[in-house]
Amino acid sequence: MTTVGTAQTPDKAEVLATLTRYLVEMFEVAPEAVRPEARLFEDLDLDSIDAVDLVVRLQDYTGRKIPVAEFKSVRTVGDVVDQVHALLDHPA
């Protein structure tokens, strides 16, 4: 489990790298398929259970609870990166 420390907020490239690692490790997604415009369900073949597992992993990464309502509009890898970066950029 990797939790982001309080020192410096990771930039979006770092968040994307972490998300890519999670998608490869957890769901056997090809690393080259993880692009900001890739759609989670259609392009990466995630399902709703996978999405829940990913949110749990991202909660570990951010050290914060991720409200389900905030992730309902997430459709692409870029959307996930933006949401996670926003959480990291605005500490609780």
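The values are calculated or read from the model by the stated rules, or taken from the named source; none is laboratory data. It should be emphasised that the depicted structure is a prediction, and the values quoted were computed from it without experimental measurement. Cβ atoms come from the backbone with ideal geometry, glycine included; neighbour counts cover every protein chain shown.
What residue, among those in the stretch 59-75 that are buried (at least 16 other Cβ atoms within 10 Å of the Cβ) and among the hydroxyl-bearing types (Ser, Thr, Tyr), is farthest from Leu19 (Cα to Cα)?
Thr62
Run Glu32 past the list (1) out of contact with any Ser or Thr (no Cβ under 9 Å at 6 or more places or on another chain); (2) farther than 15 Å from Val15 by Cβ; (3) surrounded by 13 or more Cβ atoms within 10 Å (Cβ to Cβ) and report the number of the one that doesn't hold.
Here Glu32 clears every test but (3).
Taking the stretch 47-83, which residues are aliphatic (A, V, I, L, M), modelled with pLDDT under 95 and touching an Asp or Glu at 6+ places or on another chain (Cβ under 9 Å)?
If the condition is that a residue be aliphatic (A, V, I, L, M), modelled with pLDDT under 95 and touching an Asp or Glu at 6+ places or on another chain (Cβ under 9 Å), then Val74 is the only one that fits.
Given the chain, what helices (runs of 4 or more DSSP H) lie entirely inside it while holding 1 or more residues that are in contact (Cβ under 8 Å) with a residue 40 or more places away in the chain?
Qualifying helices (runs of 4 or more DSSP H): 12-27, 48-62, 77-89.
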